[in-house]
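Take a look at the structure below.
The values are calculated or read from the model by the stated rules, or taken from the named source; none is laboratory data. Note that the structure is a prediction, hence the values are computed from the model and not measured. Methodologically, a virtual Cβ is constructed for each residue, glycine included, from the backbone with ideal geometry; neighbour enumeration extends over all protein chains shown.
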Amino acid sequence: MNVHQAKTHLSQLLQEVEQGQEVVIARSGVPIARLVAWQAPARPVAAPGAMRGQIALADEFDAPLDGLFQALQ
């Protein structure tokens, strides 16, 4: 389907896509886009703060690292 036809028949194309069809849109006979049904992401992203209370940091988390690098040598 060319771009002009797609613009003219967009509502019809969307109905076809809802029924499971795929529509390829071309410009001058060269495919440039594929119209497919929307699929929600398989795993939704958790909202900020969703893990509140599930993560704990040790009291010495930000303690100085004095002597650590000598121990690694």
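When the criteria are applied in full, ALA26 meets the requirement of being of a type in the set (A, V, I, L, M), outside any loop (DSSP other than H, G, I, E, B) and either at pLDDT 90 or above or farther than 30 Å from HIS9 by Cα (or both).
ALA42 passes all but one of (1) without any contact (Cβ under 8 Å) to a residue 12 or more places away in the chain; (2) outside any helix (DSSP H, G or I); (3) surrounded by 10 or more Cβ atoms within 10 Å (Cβ to Cβ); which number fails? Every condition holds for ALA42 apart from (3).
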